[in-house]
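Below is one structure, written out as structure tokens; the observations come after it.
What follows is calculated from the coordinates using simple rules that are stated; it is not laboratory data. As the structure is a computational prediction, the values presented were derived from the model and not from experiment.
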């Protein structure tokens, strides 16, 4: 059976990918820091779809745990990698703790790079594979460390897509906007001001990403409202983007994946 690795699979977009890949017949390697939820997810997916689910409890803010995850991932063939693990920090940069900002970068940037580096060479050797890096619409606006990290994810994935051309391995940056998940609740972000038409469903994001990957696209944006928004953000002069974002917006206000 093909094998897929998903980080942050116990809820949200990672959970959507895990379920859809299991439905398609992939055995799974699931990575999360919550052992109880990992075990429950693995049991549910095995019972429903008959796939094998291996679990790795790891905290991707811990470099030793990242090393361990990379060692495990490099030892076995992975046909699909979903780098989804992540979290947000409530408040603007000057009002947060530096350690919180650093841990966010560790998960959103360092872990993505390291796990990708561990898995993709094997994909290239076998001549096949899909890499899904969960980015965000926030990567095109000026929203502090979170936006900067997601901009890195998108550009990193674009660079990989060029490098992997002709190898049989495809890389895709998935850039959702506001998505119905636990992301904002965990970060204690008040999202009441966000209009309902701006919210996405996890399954729609996952299905669009899989369609875009099969079509050979490099960036996946779900739903018309965000396709229009990202098209505009990518051509507007940066001073206008900064003005539109607003220098006092906190991380609870701009589009974040999960």
Checklist entry - For the range 3-245, what's the radius of gyration and Dmax over Cα atoms, in angstrom? => result 17.3, 53
Checklist entry - If one takes the longest principal axis of the Cα atoms in the chain, at what angle in degrees, from 0 to 90 and to the nearest 10, does the Cα axis of helix 12-23 lie? => result 30
Checklist entry - Can you give the angle from 0 to 90° between the axis of helix 35-49 and the longest principal axis of the chain, with both taken from C-alpha atoms, to the nearest 10? => result 60
Checklist entry - Quick one: helix 224-233 against the long Cα principal axis of the chain, what's the angle to the nearest 10°, folded into 0 to 90? => result 60
Item to check | Binned Cα-Cα distance frequencies in the range 44-173 - 5 Å width, integer % | outcome: 2, 10, 18, 19, 19, 15, 10, 5, 2, 0
